[in-house]
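First up is the structure itself, then whatever we jot down about it.
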Amino acid sequence: VGLAALAEAWRNWAAGTIHKTEQLTTGGPYAFVRHPLYVGSFIHSIAYCLFSGRWESFLFVPPLFFLLYGAAVSTEEAMLTKLFPGQY
């Protein structure tokens with residue numbers, strides 16, 4: 001439960017800091033990692049694996065996470081490169 005709470009706190013901090021397409025966000029958790037919302041979601045996925053009580057969930061959940069979020073990261077980075085050339 002503590003890990004899930006940490007993940008949610010991290011995501012809330014990131015969501016409260018981001019400015020979407022208005023300006024490139026570099027403060028708050030964005031000063032530490034490039035995609036803090038996704039880091040929080042990854043921590044949530046690990047908490048889910050722990051909650052499930054099944055070690056096998058670690059074989060499926062993290063790879064599935066990276067498959068799905070990897071595509072999102074690629075799309076997002078392409079958009080940010082166009083919106084903020086030279087900054088991102």
* Structure fact -> The FRET efficiency for LYS20 and PHE60, from their Cβ-Cβ distance with R0 = 30 Å and rounded to 0.05, is 0.40
* With a cut-off of at most 12 other beta carbons within 10 Å, and DSSP calling the residue loop, which chymotrypsin sites (Phe, Trp or Tyr not before Pro) in the range 1-73 qualify? Please list them. => PHE32, TRP55
* Backbone N within the range 54-76 under 20 Å of label point (7 Å from VAL33 Cα along the Cβ vector) -> 58-76
* Structure fact -> From most to least accessible, 1.4 Å probe, no ligand or DNA/RNA atoms counted, LYS20, LYS82 line up as LYS82, LYS20
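The values are calculated or read from the model by the stated rules, or taken from the named source; none is laboratory data. Everything quoted here is computed from the prediction, not taken from an experiment. All Cβ positions, even for glycine, are placed from backbone atoms using ideal geometry, and neighbour counts span all protein chains on display. For the accessible areas, the whole protein counts, side chains as well, though only heavy atoms, and no ligand, DNA or RNA atoms are used. Shrake-Rupley method; radii C 1.70, N 1.55, O 1.52, S 1.80 Å.
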